[in-house]
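The values are calculated or read from the model by the stated rules, or taken from the named source; none is laboratory data. What you are looking at is a predicted structure, and each value in this text was computed from that prediction instead of being measured. All Cβ positions, even for glycine, are placed from backbone atoms using ideal geometry, and neighbour counts span all protein chains on display.
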Amino acid sequence: MSRHDEESLLRWEAQMRKGCLELAVLAALWDQARYGLEILSFLEGEDLEVGEGTLYPLLNRLRRDGLVTTDWIEGDLGHPRRYYELTSVGRALARSMSGRWRAFTDSLRSLLTPLMKESLTEEKTDV
Amino acid sequence: MYDSRHDTAVAKIQNYLAILRLGLRGLPSDEVDDIAREIRSHLLERAGDPADPAAAAEAIASLGRASDLAARYRTEARLEEARTSYSPVALMGAVIQWAAMSLIGFGVALIGLFGYGVGGGLLFAAALDPIFPDRVGLWVGPDVLVLGTVVNAPEASELLGRWITPIGFVLGLVAVVVTSKILRWLIARFGTFRSRVPEVG
């Protein structure tokens with residue numbers, strides 16, 4: 001793959017990830033309240049790395065939109081951690097987004113089946 | 001036992017927070033305090049206990065420049081306010097900041113500048129005509145087609161006369177209002193990080 005193609009691919013991937021980020025963050029809060037660093041490492045564990053400078057403004061916006069509430073809880077190091085928790089509105093939205101996401105990826109998956117077959121054979125002959 | 005390295009690390013963090021706070025001016029003060037406290041907590045936790053200067057520097061690098069971080073917080077806030085505002089100042093303020101961050105934002109800024117420029121020009125002509133009637137108008141002649149404000153009137157007949165002021169005023173207002181509506185729509189449609197249902201094609 002040429003360097004130009006690689007850059008285009010990376011740009012597209014960045015856009016795609018950006019579009020899914022909100023859903024990923026809401027999902028990270030589904031089972032339990034978490035604070036910033038916890039959300040970052042949780043998503044990293046799921047192979048969904050988020051830029052630290054991107055996460056915090058996003059969390060702030062989610063709070064402003066009423067999708068999450070925050071609570072300051074003292075950490076072991078003596079400085080407070082800001083924990084985020086989904087509100088009922090946030091849970092409902094996360095469910096809806098998740099449903100649409102699954103419907104979309106199901107459609108996309110069937111659309112991509114012929115591509116996947118072809119690209120597998122191409123990779124074998126690709127330099 | 002905390003030593004001077006710890007102090008150095010903490011100083012780096014304090015410095016970062018000071019720049020961040022500066023960039024957040026304009027947001028509600030309790031929100032600014034909460035943001036600063038959270039980022040401080042994030043950086044201190046990353047810097048370790050006792051705080052290590054190298055770790056602190058790395059944590060700061062991962063977060064990105066304080067002014068950029070502040071800009072991201074503000075863009076979200078401003079775009080939200082702009083969505084409910086009709087003020088050209090509020091709208092263009094939000095759009096200009098958006099323009100610095102994305103190509104779409106830049107395009108929207110151009111649209112805003114054009115629309116408000118046209119509206120402003122029309123309003124200006126409307127205001128100027130009673131004062132300098134010879135310098136404002138629509139001149140049409142064999143080699144002349146001029147609509148606007150001039151220093152020397154062209155050699156042609158001026159068509160609008162005293163209608164310039166009411167027409168210019170109305171059209172100018174229409175241009176400003178239409179531009180505001182367009183900007184609001186563009187902001188709502190393209191201006192947030194909110195993920196939408198992905199559209200194929």
For this session: Identify, by number, the condition in (1) of a type in the set (Asp, Glu); (2) modelled with pLDDT of 90 or more; (3) surrounded by 14 or more Cβ atoms within 10 Å (Cβ to Cβ) that residue B:80 doesn't meet.
Result: (2)
Exercise. If you go through the range A:16-33 one residue at a time, do you hit one that is more than 10 Å from chain B (Cβ to nearest Cβ), closer than 22 Å to residue B:58 by Cα and not β-branched (Val, Ile, Thr)?
Worked result: no
Exercise. Could you list, in sequence order, the residues of the range A:70-90 that are at the interface with chain B (Cβ under 9 Å from one of its Cβ atoms) and either among the hydroxyl-bearing types (Ser, Thr, Tyr) or part of a helix (DSSP H, G or I) (or both)?
Worked result: A:70
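Could you check how many residues of the range A:34-69 are farther than 26 Å from residue B:61 by Cα and outside any loop (DSSP other than H, G, I, E, B)?
Total satisfying the criteria: 3.
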For this session: Report the residue count in the range B:98-149 for those that are outside any strand (DSSP E or B) and either touching a strand residue (DSSP E or B) at 6+ places or on another chain (Cβ under 8 Å) or not β-branched (Val, Ile, Thr) (or both).
Result: 36
Seminar exercise, completed: residue A:63: passes all of (1) buried (at least 19 other Cβ atoms within 10 Å of the Cβ); (2) under 25 Å from residue B:69 (Cα atoms) but (1)
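Out of everything in the range B:105-145 that is within 13 Å of the chain's Cα centre (by Cα) and among the hydrophobic types (A, V, I, L, M, F, W, C), what residue ends up being farthest from residue B:167 (Cα to Cα)?
Going through the qualifying residues, I end up with B:106.
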Exercise. Has the range B:6-25 got any residue that is facing chain A (nearest Cβ under 10 Å) and either surrounded by 15 or more Cβ atoms within 10 Å (Cβ to Cβ) or more than 23 Å from residue A:64 (Cα to Cα) (or both)?
Worked result: no
For this session: Could you please give the count of residues in the range B:154-178 that are surrounded by 15 or more Cβ atoms within 10 Å (Cβ to Cβ) and without any contact (Cβ under 8 Å) to a residue 40 or more places away in the chain?
Result: 6
Problem set entry | Options A:38, A:52: the member that is under 20 Å from residue B:68 (Cβ atoms), among the acidic types (Asp, Glu) and surrounded by 16 or more Cβ atoms within 10 Å (Cβ to Cβ) | A:52
Exercise. Across the range A:27-50, what is the total count of residues that are more than 23 Å from residue B:37 (Cβ to Cβ) and touching a residue at least 24 places away in the same chain (Cβ under 8 Å)?
Worked result: 3
Exercise. Of the residues in the range B:41-52, how many are crowded, with 18+ Cβ neighbours inside 10 Å and either under 10 Å from residue B:6 (Cα atoms) or at the interface with another protein chain (Cβ under 7 Å from one of its Cβ atoms) (or both)?
Worked result: 6
Exercise. Residue B:90 fails exactly one of the following numbered conditions: (1) within 27 Å of residue B:18 (Cα to Cα); (2) of a type outside the set (Phe, Trp, Tyr); (3) modelled with pLDDT of 80 or more. What is the number of that condition?
Worked result: (3)
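Give the residue, chosen from A:27, A:33, that is surrounded by 11 or more Cβ atoms within 10 Å (Cβ to Cβ) and more than 27 Å from residue B:27 (Cβ to Cβ).
Result of the check over A:27, A:33: A:27.
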Exercise. Has the range A:81-91 got at least one residue that is under 21 Å from residue B:43 (Cα atoms), surrounded by 14 or more Cβ atoms within 10 Å (Cβ to Cβ) and either without any contact (Cβ under 8 Å) to a residue 24 or more places away in the chain or not hydroxyl-bearing (Ser, Thr, Tyr) (or both)?
Worked result: yes
